[in-house]
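One structure is given below, encoded as structure tokens.
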Amino acid sequence: MTKKQIITVVTVLFFGLINAQVGIGKANPVQTLDINGNMKLSNTLYLENPGVHTGSSVNSYLIVKDNSNNVIKRYVPETSDYSAINSVTYAFTAVNYSGLSNYDTGISASSYYLTIGGYIIRGGGDNSNVYISGSNSNIPLYSARAFVQNGTWRLTFLPNHGRVFTVPADQTPKNIEMRLNVIVYRRDMLTIVNPTINLNMNADTSGNGTATPPEKM
């Protein structure tokens, strides 16, 4: 830093102490530090007790780090394809008895994570009578999962072990309805994605166990 730059900084701080408000690029600052322009931070920025914003949300944005390149970006919900965490409900009607094998959501796997948070299975016409054929000795009865194929997230909800969904003979229509509650997370706004935690229960009859905590939280 040159001598001229040091004098400028000291002068700004001195008048800031007197006026209690410092303006950089602002002739009439309205906050303790009021900046009009771009700011570059070369090292770490610490915010101690930042408090809660009580003003208008208009033109107020979140600042996030893009995990793909570690660049700090402004996040604007109104112009974003998805917010940080999103809830979507898919309501499928007239589903075949074999279930849902490969539904393409069209959601990019490179930009988002997707999980199935819950489901409801009913008979056609919103009838509550729906069953799974075959023996119940094999578990699980069905599989619900999200997976990636050709760059997008897909949904599967299938009976297992050769089973199919079924409804009473006198029920019409002869199909099922399915609701899947899906949660979509932006990859660039998830700071940590922990690896799978594997735990050998050693056939403990109590069913109790203690896993190591996730590496980061």
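Taken together, the values in this text are just the output of simple stated rules run on the coordinates, not laboratory data. Since we're looking at a predicted model, the values are computed, not measured. In this analysis, Cβ positions are derived from the backbone assuming ideal geometry, glycine residues included, and neighbour counts consider all displayed protein chains.
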**Fill in**
Rounded to one decimal in nm, the spacing of the 7 Å Cα→Cβ label points at THR205 and THR115 is 3.4 nm
**Complete:** Among the range 92-115, those whose backbone N falls under 19 Å of a label point 7 Å along Cα→Cβ from THR152 are 92-93, 100-115
**Complete:** Here the FRET efficiency for ALA91 versus ALA169, based on Cβ atoms and R0 = 22 Å and rounded to 0.05, is 0.30
**Request:** State the answer as a single residue: which of TYR97, THR166, ASN181 lies farthest towards the positive end of the charge dipole of the range 85-189, with beta carbon charges of +1 for Lys and Arg and -1 for Asp and Glu, about the Cα centre.
**Result:** ASN181
**Asked** For GLN21 and ASP104 in one chain, what is 0.36 nm times their gap in residues minus the Cα-Cα distance, to one decimal in nm?
**Response** 24.4 nm
**Prompt:** When ASP170, ASP188 are ordered from fewest to most other Cβ atoms inside 10 Å of their Cβ, what list results?
**Reply:** ASP170, ASP188
**Request:** Quick one: which residues, 5 or more positions from ASN175 or on another chain, have an amide H under 5 Å from its amide H? H modelled 1.01 Å from N in the peptide plane, none for Pro or chain starts.
**Result:** GLY124
**Prompt:** Given a Förster radius of 25 Å and the C-beta distance between LEU33 and VAL71 as r, what FRET efficiency does 1/(1 + (r/R0)^6) yield to the nearest 0.05?
**Reply:** 0.60
